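The values are calculated or read from the model by the stated rules, or taken from the named source; none is laboratory data. Fair warning: this is a prediction, and the values are worked out from it, not measured in the lab. Here the Cβ positions follow ideal geometry from the backbone for every residue, glycine too, while neighbour counts run over all protein chains shown.
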Amino acid sequence: MTIMKYINRLKYIDYMIKRKATGNLDHFAKRNNISRSTLSEILNDMKKMGCPIKYDRGRETYYYEEAGEMISCLFLKYGEVLPREEIKKIGGTDKLCFSPTAVFELCK
């Protein structure tokens, strides 16, 4: 799988989770044209990256336990300032920290 195809798949998975419109694992995997085990691996990877993904058995959908979304930009130039719109998406300046490599990340 090419990196662009994987990134686009992640964006679609994020989109569906934000809208609580995934269905169960089988249905969600079919909508993404991937196997159930592949989707399970992707969801576990997203959780490891900090996405607060949960599953609601009653509604049969995945959702984010906290309001938020994946950051759309994968590369920032050193010294580049995030636009206000991006900072608002993350939740304000008090939630941003800088790593030793000058990459923006959420504070822990």
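Among the residues of the stretch 49-74, which ones are surrounded by 14 or more Cβ atoms within 10 Å (Cβ to Cβ) and in contact (Cβ under 8 Å) with a residue 60 or more places away in the chain? Within the stretch 49-74, Met70 is the sole residue that qualifies. Taking the stretch 14-38 as the range and being surrounded by fewer than 17 Cβ atoms within 10 Å (Cβ to Cβ), in a helix (DSSP H, G or I) and out of contact with any strand residue (DSSP E or B) (no Cβ under 9 Å at 6 or more places or on another chain) as the test, the residues that pass are Tyr15, Asp26, His27, Lys30, Arg31, Arg36, Ser37, Thr38.
The condition of being at negative phi and modelled with pLDDT of 95 or more holds for only one of Arg31, Arg84, Arg57, that being Arg57.
Pairs linking a residue in the stretch 1-13 that is farther than 16 Å from Ser40 by Cβ to a residue that is hydrophobic (A, V, I, L, M, F, W, C), with Cβ atoms under 9 Å and 6 or more positions apart or on different chains, are Ile7/Leu74; Lys11/Met70.
Filtered by the rule that a residue be touching a helix residue (DSSP H, G or I) at 6+ places or on another chain (Cβ under 8 Å) and among the aliphatic types (A, V, I, L, M), the stretch 2-51 gives Leu10, Ile13, Met16, Leu25, Ala29, Ile34, Leu39, Ile42, Leu43, Met46. Restricting attention to the stretch 26-61, the residues being under 12 Å from the mean Cα position of the chain (by Cα) and not hydrophobic (A, V, I, L, M, F, W, C) number 6. Residues of the stretch 16-48 that are free of Cβ contacts under 8 Å to residues at least 12 places away in the same chain and of a type in the set (A, V, I, L, M, F, W, C): Ala29 alone.
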